[in-house]
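**Student:** Can you read through this structure? Questions will come right after.
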Amino acid sequence: MVKAGSPEHTANVQRQSGDLAKLGYYHSIELPDGRIIPGFQTIETQRSRIAQFPIPQDLRGKRVLDIGAWDGWFSFEMERRGATVVAVDATRKTRFHEAKALMNSKVEHVVADICHLTPRDVGYFDIVLFFGVLYHLKHPLLALERVCELSTDLACIESFVTDEQPAGTIPMMEFYEGTQLAGQFDNWVGPNISCLTAMCRTAGFARVDFKSVVDHRAHVVCHRKWPEIGRTGVGPALLLVENSELRDHNFSAHRDDYVTVWFHSEESNLTCDDLYVRVGPYGSRPAAVSNIENSWQANCKLPLGLAAGWHDVSIALRDSEFSAPARIPVDLPRDARLDRRTNEGIQIAIVCDGRTWERKQVRAGLGASVSAWVTGLPDGVRRTEVSFRLDGTDLPAAFVTPVDLDQGDEKGTKQINAEVPPGLDRGEYELTVRFRDEESPMVKIELF
């Protein structure tokens, strides 16, 4: 294998560029009547490239985005399989429209910069193809984030890499200020395989699978969701969900927000690969996991592409069941978070600070907690069935008494305790208790 960037490699690329100029087409195009327009890449080569990825033959009902479509063979192939296809390129200077007319195709062609392309422009896609583009970009990680945001299920990424095997290598990427790579000024970066897969994970994909390297091009499959497997065993106990930086309940899909998930597990030596965090419909692989004072903390990226609204957060270990969910608001102002279905049978009798027992006041900061005595909950209620909602956002119960207690003049109550994010703004909040799908009438508390 000729080393990338070597004189031999540069000479090969220059010779190939000359061949492309003579042919006019980069992709070979097979017409409906069986004739083939010859391009620099043969039909066999193109079929081999697409075969590196687990794309079904039947794509009816699916939307596919082809980024860097060039002459369009991959777009037309996805259309042949039944998909609705949008082809994106940074230029009109291709043979795409000519090929489209010859193919009687309905593929939509969009000229756009991938680093600025969003779902507002083209919508969301079940599958995104990102072939031979990454190393042409000055901002490869930003481009991968855009790819992640645009995809709802699968992204197929093919990119130039500087090595052949990922095993044991430190993630590294070369930067080409000039024409160091193949004598072409529009080749900006050369990641090794470990760097390419690490960037895909950092961009927000839940699962990243390296498949192969063929002629300096790595093939990587990126999934937005965790696999559908038979899960058994009790999952971890979710304790708290907060914004990693702000340590409050403000989340936005338009920022680079991270989510901190606090949970309890009897497991030891947990790693990022042991945890499956789910936010809304998407998985999010933790970037860091640590054990702090008998609780576990996992930090992960807020998934890209979440719509404004409420989204459930849950967590599983390997093949365990997912925890009971806690919902968080994404791009919801506080005055839009109060959408309760009230059950008058559940009542908060007493609410206080979980450490000082001050009534209707909770001291903010590290270690903040809230405690309440609640009537109307059945005996045997499980902790996972109950949570507080603070201005609509779930605070999972850390403790619930399974049978009734008497607290002062209040008879027949159950005590519930929960942790409070230390970064919440001081001020007045509305507190309810959620039991399954119902909520108590609200009481006001002051965070000070």
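The values are calculated or read from the model by the stated rules, or taken from the named source; none is laboratory data. Please read these numbers as outputs of a predicted model, since none were measured by experiment. Don't worry about glycine lacking a Cβ; one is built from the backbone with ideal geometry, like all the others, and counts go over all protein chains shown. The protein model used for the area step is the full one, side chains on, heavy atoms only, and it has no ligands, DNA or RNA in it. Shrake-Rupley method; radii C 1.70, N 1.55, O 1.52, S 1.80 Å.
**Student:** Return a yes/no flag: does region 61-72 have any residue that is assigned to a loop (DSSP other than H, G, I, E, B), over 17 Å from residue 27 (Cβ atoms) and either under 26 Å from the mean Cα position of the chain (by Cα) or not polar (S, T, N, Q) (or both). Show your work before the answer.
**Tutor:** Just the residues of region 61-72 that are assigned to a loop (DSSP other than H, G, I, E, B), to begin with: 61-62, 68-72.
With the extra rule that they be over 17 Å from residue 27 (Cβ atoms), the set shrinks to 61-62.
Of the ones still in play, those that are also either under 26 Å from the mean Cα position of the chain (by Cα) or not polar (S, T, N, Q) (or both) are 61-62.
Yes, the conditions are met somewhere in region 61-72.
**Student:** Pick from 143, 99: which is assigned to a helix (DSSP H, G or I) and within 23 Å of the chain's Cα centre (by Cα)? Even if it seems obvious, please write down each step before you answer.
**Tutor:** Numbers: 99 fails: within 23 Å of the chain's Cα centre (by Cα).
Result: 143 is the single residue among 143, 99 that is assigned to a helix (DSSP H, G or I) and within 23 Å of the chain's Cα centre (by Cα).
**Student:** Only residues that are in contact (Cβ under 8 Å) with a residue 40 or more places away in the chain and open to solvent by less than 40 Å² (accessible area, probe 1.4 Å): list them for region 245-260, please.
**Tutor:** 248, 249, 251, 252, 253, 257, 259
**Student:** Of the conditions (1) buried (at least 19 other Cβ atoms within 10 Å of the Cβ); (2) at positive phi, residue 130 clears all except one; give me its number.
**Tutor:** Against the list (1) buried (at least 19 other Cβ atoms within 10 Å of the Cβ); (2) at positive phi, residue 130 comes up short only on (2).
**Student:** For region 376-397, indicate whether the set of residues that are without any contact (Cβ under 8 Å) to a residue 24 or more places away in the chain, touching a helix residue (DSSP H, G or I) at 6+ places or on another chain (Cβ under 9 Å) and either under 26 Å from residue 276 (Cβ atoms) or open to solvent by less than 20 Å² (accessible area, probe 1.4 Å) (or both) is non-empty.
**Tutor:** As a first pass, look at region 376-397 and keep what is without any contact (Cβ under 8 Å) to a residue 24 or more places away in the chain: 378, 380, 382, 397.
This time we only want the ones that are touching a helix residue (DSSP H, G or I) at 6+ places or on another chain (Cβ under 9 Å), so: 397.
If we keep only those that are either under 26 Å from residue 276 (Cβ atoms) or open to solvent by less than 20 Å² (accessible area, probe 1.4 Å) (or both) too, we end up with 397.
Yes, region 376-397 has at least one match.
**Student:** Quickly run through region 84-127 and pick out the residues that are charged (D, E, K, R) and open to solvent by less than 20 Å² (accessible area, probe 1.4 Å).
**Tutor:** Filtering region 84-127 down to residues charged (D, E, K, R) leaves 89, 92-93, 95, 98, 100, 106, 108, 113, 120-121, 126.
Of everything in region 84-127, just one residue is charged (D, E, K, R) and open to solvent by less than 20 Å² (accessible area, probe 1.4 Å), namely 89.
**Student:** Please indicate, with yes or no, whether at least one residue in region 337-346 is surrounded by 16 or more Cβ atoms within 10 Å (Cβ to Cβ), in contact with a Phe, Trp or Tyr (Cβ under 7 Å, 6 or more places away or on another chain) and part of a strand (DSSP E or B). Spell out the reasoning first.
**Tutor:** Taking region 337-346 first, the residues surrounded by 16 or more Cβ atoms within 10 Å (Cβ to Cβ) are 337, 340, 343, 346.
Retained after the next criterion (residues that are in contact with a Phe, Trp or Tyr (Cβ under 7 Å, 6 or more places away or on another chain)): 346.
Adding the requirement that they be part of a strand (DSSP E or B) leaves none.
Scanning region 337-346, I find no residue that is surrounded by 16 or more Cβ atoms within 10 Å (Cβ to Cβ), in contact with a Phe, Trp or Tyr (Cβ under 7 Å, 6 or more places away or on another chain) and part of a strand (DSSP E or B), so the answer is no.
**Student:** On to the next question. Six or more apart or on different chains, Cβ under 8 Å: which pairs go from a residue in region 398-419 that's over 23 Å from residue 366 (Cβ atoms) and at pLDDT below 90 to one that's among the basic types (Lys, Arg) and surrounded by 15 or more Cβ atoms within 10 Å (Cβ to Cβ)? Could you list them?
**Tutor:** Hits for this filter: 401/414; 402/414; 403/414; 404/414; 405/414.
**Student:** Need at least 1 residues that are in contact with a strand residue (DSSP E or B) (Cβ under 7 Å, 6 or more places away or on another chain) and polar (S, T, N, Q) per element, so show me which strands (runs of 3 or more DSSP E) inside region 273-319 make the cut, counting only ones lying wholly within it.
**Tutor:** On the way: elements: 275-279, 282-284, 286-292, 295-301, 309-317.
By residue number, 282-284, 286-292, 295-301, 309-317.
**Student:** Quick one: would you say residue 166 is under 23 Å from residue 215 (Cα atoms) and open to solvent by 20 Å² or more (accessible area, probe 1.4 Å)? Steps first, please.
**Tutor:** Numbers: under 23 Å from residue 215 (Cα atoms): yes; open to solvent by 20 Å² or more (accessible area, probe 1.4 Å): yes.
Taking the combined requirement at face value, the residue satisfies it.
**Student:** Which one is nearest to residue 147 (Cα to Cα), of the residues in region 172-209 that are buried (at least 17 other Cβ atoms within 10 Å of the Cβ) and among the aromatic types (Phe, Trp, Tyr)?
**Tutor:** 205
**Student:** Can you give me the ranges of the strands (runs of 3 or more DSSP E) entirely in region 373-448 with at least 1 residues that are in contact with a His (Cβ under 9 Å, 6 or more places away or on another chain)?
**Tutor:** Values: elements: 386-390, 393-396, 405-407, 410-419, 427-435, 443-447.
Correct list: 386-390, 393-396.
**Student:** Suppose we filter region 74-95 for residues that are within 13 Å of residue 106 (Cα to Cα) and not in a loop (DSSP other than H, G, I, E, B); how many remain?
**Tutor:** 10
**Student:** Scan region 261-281 for residues that are surrounded by 19 or more Cβ atoms within 10 Å (Cβ to Cβ) and touching a Ser or Thr at 6+ places or on another chain (Cβ under 8 Å) and jot them down.
**Tutor:** 262, 263, 277, 278
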